[in-house]
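No value in this document is a laboratory result; all are computed from the given coordinates. Remember, predicted model here, so these are calculated numbers, not experimental data. Please note: Cβ atoms are built from the backbone with ideal geometry, for glycine as well, and neighbour counts cover all protein chains shown.
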Amino acid sequence: MMKEYKCKKCGQFFVRFQTTQKVCSPKCAIELARDNAQKAREKAEKKKLKERKARLKSRSEWLKEAQSVFNKFIRLRDKDEPCISCGRYHQGQWHAGHYRSVGACPELRFCELNVHKQCQPCNNHKSGNVIEYRINLVRKIGVDKVEWLERQDHDFKKYTVEDCKEIIQYYKEKVKVVNNGL
């Protein structure tokens, strides 16, 4: 008795005449080829649309996307740690809280020493809970690094679209590494 296979197009069972046969009849083969060609066209159109949208993105949109990927990395990096400010573990929303705010010190926006996992109440309702943040930050990274963050002589950085693309790529890779390490 020959083994029966299910047709990839119509779903009926058939006996193969060749090992590469995937369909039961020439009619199903033609329809499957048409479907595959249609899927390939749709995929190509989707790719072109994505590229066109990327070309139309403004610098601020690229910066927002880079910030989003960076924040995701920070939350993954610190996933087993409590809130940097209040020291609590809870079931609420977690943020990537900046010690030196982006508005006050934009050049430290993507500095991993400056950003740590923070609970939503501390970040939003307590304006970062900065006093507790500093105390716990000194414990975590040391007083020398905290004093370096607090200095005023950091090189000013205005991120270009190319910088943002590099940051996005870099932190997407780091997110993969952290996820695969689990």
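General remarks:
- Cα gyration tensor shape of the stretch 83-182, rounded if a/c is under 1.5, else prolate or oblate by comparing a/b with b/c: oblate
- Links that overshoot a 25 Å alpha carbon limit, given the list K48/K165; K126/K172; K53/K172; K22/K43: K126/K172
- For F110, distant residues with modelled amide H under 5 Å away: none
- For the stretch 158-168, backbone phi angles converted through the Karplus equation (6.51, -1.76, 1.60; θ = phi - 60°) give residue-by-residue couplings of 10, 6, 8, 4, 5, 4, 4, 4, 5, 4, 4 Hz, Gly and Pro being listed as x.
- Mean Cα-pair separation over length for the stretch 4-56, i.e. relative contact order, pairs under 8 Å, 6 or more apart, %: 24
- Cβ-based net charge around D144, under 15 Å, with every Lys or Arg adding one and every Asp or Glu removing one: +3
- Using a Förster distance of 45 Å, the FRET efficiency for M1-A40 (Cβ separation, nearest 0.05): 0.75
- Remark: relative contact order (the stretch 22-121) = 24 percent; criterion is Cα-Cα distance under 8 angstrom and separation of 6 or more residues.
- Relative contact order computed over the chain (Cα-Cα under 8 Å; 6+ residues apart), in percent: 21
- Shape of the stretch 9-106, Cα gyration tensor, a/c cut at 1.5: oblate
- The Rg/Rh ratio for the stretch 1-64, using Cα coordinates for both the radius of gyration and the Kirkwood hydrodynamic radius, is 1.37.
- Size of the chain as Cα extents on the principal axes (Å, biggest first): 77, 40, 27
- Cβ-Cβ distance of R139 and K57, R₀ of 35 Å, FRET efficiency by 1/(1 + (r/R0)^6): the value works out to about 0.30.
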